[in-house]
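Data first, discussion second: the structure below is written as structure tokens.
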Amino acid sequence: MPIYEFKCDKCKTTFEQLTKENKNNSTCPVCGHQSHKIISISHFRIKGYTEENGYSKPE
Ligand SMILES: [Zn+2]
């Protein structure tokens, strides 16, 4: 099962979560706000810049 990394839109907390689905959003474990999936640079390059769905640029 793949591990995805999410970042909270509100408090900027990053956390990892095991998900069966390739979902783009999760809930922040700290504040409960919506969080979006982030993809590491290495993973993104392996994908050949084709996986744009769910990708968010780090701030
Ligand atoms: Zn949060």
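The values are calculated or read from the model by the stated rules, or taken from the named source; none is laboratory data. All values derive from a computational prediction rather than experimental measurement. Don't worry about glycine lacking a Cβ; one is built from the backbone with ideal geometry, like all the others, and counts go over all protein chains shown.
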Output for Cβ contacts, cut-off 7 Å, separation at least six or different chains, first residue outside any loop (DSSP other than H, G, I, E, B) in region 21-36, second more than 8 Å from the ligand (Cβ to nearest atom) and among the hydrophobic types (A, V, I, L, M, F, W, C), reads 26/6; 35/6; 36/6
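Would a scan of region 20-27 turn up a residue that is of a type in the set (Gly, Ala, Ser), modelled with pLDDT under 90 and within 16 Å of the ligand (Cβ to nearest atom)? Walk me through it before giving the result.
First, the residues of region 20-27 that are of a type in the set (Gly, Ala, Ser): 26.
Narrowing further to those that are modelled with pLDDT under 90: none.
Checked against the condition, which is being of a type in the set (Gly, Ala, Ser), modelled with pLDDT under 90 and within 16 Å of the ligand (Cβ to nearest atom), region 20-27 yields no hits at all.
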